[in-house]
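Take a look at the structure below.
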Amino acid sequence: MGERSPSHLQSRKSLWERIKRWHPGASRPASRDSICPSRWHELHAVIQATGPLRVDYVDLPGTDVTLRITRPYTVYTDGPKFGPYWGEIWPSGVILAEVIARDPHVLLGRRVLELGPGLGVTAVAALQAGADLVVADARPGSLDFCALNTLDNVGIEPKTVCVNWRKPSREFFAVAGEGFSLVLAADVLYDYEDVEPLITLVERILAPGGELWLAEPGRNAAQDLVKTMRKRGWHDEEDAYTSLLPDPHDRVKDVVTVHRLCPPSATQNQG
Ligand SMILES: C[S@@+](CC[C@H](N)C(=O)[O-])C[C@H]1O[C@@H](n2cnc3c(N)ncnc32)[C@H](O)[C@@H]1O
């Protein structure tokens, strides 16, 4: 990943050529020219008003895909600090995007929810794979940047819903409707207080036969969630990936584990 000059930006045509190789059955995304200009300008104006911006280019390991990610540019004058969590590019989001990009047909046509999309790195991969995507985050800034980044990279944007999963709103459950066949979440657990609300939420919004893909870099709260789910009978298939990207907070391992968690009822039905 790196900050590069705009001249590095791939043309829309060459990006589409790479998406086609990724996912031969994908319908052609809108070209930059055919993205609704008023929507793009509306989002860009909202985002620009939040402060200075930067553009990073993120290579998805194991693929030849590079994502163009607009994010807040935060300058600190009094020592190292961090911007909002949603405004960083996290190894788990990149790894989850890579997992999707390597096997995109798995998401094609599925009703998918991403919890805590941040800047939208994983959301870009899910939309490129053909998912019918909803993203949900407590921070309106995350939802705006995610919408702009998906528009920029894929030409379409997900449905967005603002929700704190400690206190999910009626609007959120209205959007969830009959539920999702897949819930994605990358590095969304750094607080123990989120563990029980998140399990309850996922249990409520997974459609029958649905699954949760959780990417996590070894933080204690995430491991607590996985342990709790296993104890309650969820089936967990996990794969570990070495991240090429350092963690912005640099306190956890550079290994990201992706858990594919199925609820007990789905496991019993399989048996
Ligand atoms: C560390 S960031 C990860 C962002 C992205 N998934 C990635 O990997 O780059 C965590 C995300 O979860 C969201 N989040 C954390 N706690 C939340 C809560 N209780 N309700 C809703 N969103 C939350 C944050 O706003 C942020 O977008």
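Since every read-out is calculated from the coordinates, none of them should be taken as a lab result. What you see is a predicted model; the values in this text were computed from it and never measured. Neighbour counts run over all protein chains shown; Cβ positions are idealised from the backbone, glycine included.
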So how much slack lies between ALA45 and SER265, counting 0.36 nm per residue of separation and subtracting their Cα-Cα distance, in nm? 74.6 nm
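By counting other Cβ atoms within 10 Å of each Cβ, how are VAL161, VAL175 ranked from fewest to most?
VAL175, VAL161
Where both partners of a DSSP beta bridge lie in the stretch 112-271, what percent of those bridges are antiparallel, to the nearest 5?
Antiparallel bridges make up about 40 percent of those DSSP assigns within the stretch 112-271.
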Fewest first, what order do VAL99, VAL124 take by the number of other Cβ atoms within 10 Å? VAL99, VAL124
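Given 0.36 nm per residue, what is the gain on full extension from TYR190 to TYR73 after removing their alpha carbon distance, in nm?
That pair, TYR190 and TYR73, stretches by 39.8 nm at full extension.
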When HIS235, HIS249, HIS41 are arranged by how many other beta-carbons sit within 10 Å of their Cβ, fewest first, they go HIS41, HIS249, HIS235
